[in-house]
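For reference, the structure is listed below as structure tokens.
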Amino acid sequence: MVCVCALVRFSLTTGSTHITLLVLFSVADSLTSQPQNWNFPGARGAWNLDFPKQLKWNVDQESPMAGEQGGKNGSKPLGPGGYPDTRLLSNPLMGDVVSDWSPMHEAAIHGRVLSLRNLISQGWPVNLTTADRVSPLHEACLGGHLPCANILIKHGAEVNGMTTDWHTPLFNACISGSQDCVNLLLQHGASPHPESDLASPIHEAAKRGHVECIETLAAHGGDIDRNISHLGTPLYLACENQQIACVKKLLESGAGVNKGKGLDSPLHVVARICSEELACLLMDFGADTRAKNAEGKHPVELVPPDSPLTQLFLEREGHVECIETLAAHGGDIDRNISHLGTPLYLACENQQIACVKKLLESGAGVNKGKGLDSPLHVVARICSEELACLLMDFGADTRAKNAEGKHPVELVPPDSPLTQLFLEREGASPLPELKL
């Protein structure tokens, strides 16, 4: 005789209350060809199975359990809170998430408003939970179903209920990105402050890029600088996941631009992932480019070799130590980017004298600039005598022509002492175009 294992879903009716029960049967194949009837004794009665048609719970009114829980008038026993006893029976051979799943959860996760209303009117408790403490409200928020969440809350659903994983309905709403559910929960007393660092709503919203959820949480007192050891701050998490809109919203809301994960600042993580847009955004809000992480490294030291982001750091700060470190690690000190030029050109343009000197000492090409515009051209325009002397000391070509066909001296402002410097260095004869 060959045995088969069948998973059968039955509907259990106890008065006006309907319970879904999953039962695992092992029956002989000879039994499956015709209806069979079995009785399973229970504490309050017996399960009657007319296989494969139906499963029925026959309540034994004379049983001790019936007498204990029933009212004096013989009414239906009530569960906690005065609700009909709708305890779900879990099969030990199956996972709890499956075995104690209810029609309430099913309706909530799929946004079935009418089904949910009917179940509540039949006596189903709105705070019915699974073995993992998952309530219908958790599922409604996870699905982003505002009407279902609203119905459940109106009927007394616990807005701060937690699962065994510390997930609250608010956390689930931030997973789905439903600002409406987030707002509804907060208006009905949900706490924006998690009891556990394992499930922070604002961190989840930041990680997933849900800007509206962050905005709503911040407006209701959510801590936008909350630092969780294994995650960091919401800003750090948003940077790590390259959620640019969330980074901007957090910064505009007052998040600390240098608060990250331990000693690792948001700018450190942005340097690692090499995001020029995020780096600009953080620097615009005052990010510290000289902050050191646990390894004693500055953000620029984490930038991948030959990345345009290196030029951005030089353009913004011009730190000599950064240049020295990058050069020592193989950074291309003559890298030419069309819209920026070379590091030397940028340093001259921003009058970073120490950086210009360090680049020249490190072997940077003194005449390599931005297109045909040499470093000496830009120095002539900004009229920096000190930089001009430095470039000339390293052999800058005073006769180089830019895209307009002009020599550096022709760009010097009228009556500038820099004109005299050019004459002293080169003499009047090589400059017939110069009109004094």
Could you go through the range 222-229 in sequence order and give the Karplus-derived ³J(HN,Hα) for each residue, using 6.51 cos²θ - 1.76 cosθ + 1.60 with θ = phi - 60°, rounded to whole Hz, and x for Gly and Pro? x, 7, 6, 10, 4, 9, 10, 3
Residues with amide H under 5 Å of I228's amide H, sequence separation 5 or more or different chain, H placed in the peptide plane at 1.01 Å from N; which? T233
Ranked L326, L137, L411, criterion: other C-beta atoms within 10 Å, fewest first: L411, L326, L137
Here, E324 and Q351, labelled 7 Å along Cα→Cβ, have an inter-label distance in nm of 2.5 nm
Given 0.36 nm per residue, what is the gain on full extension from I273 to D288 after removing their alpha carbon distance, in nm? 3.7 nm
Once both label points are put 7 Å beyond Cα along the C-beta direction, the D180-I337 separation in nm becomes 4.3 nm
Built amide H within the under 5 Å cut-off of D373, gap 5+: A403
For I337, distant residues with modelled amide H under 5 Å away: T342
Cβ-based exposure ranking for W101, W166, W124, in which fewest neighbours within 10 Å come first: W166, W101, W124
In what order do S121, S102, S178, S196 fall by count of nearby beta-carbon atoms within 10 Å, going from fewest to most? S121, S196, S102, S178
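Each reported figure results from applying straightforward, stated rules to the coordinates on display, with no laboratory input. Note that this is a predicted model, so its numbers are computed, not measured. As a convention, Cβ positions derive from the backbone with ideal geometry for all residues, glycine included, and neighbour counts pool all protein chains shown.
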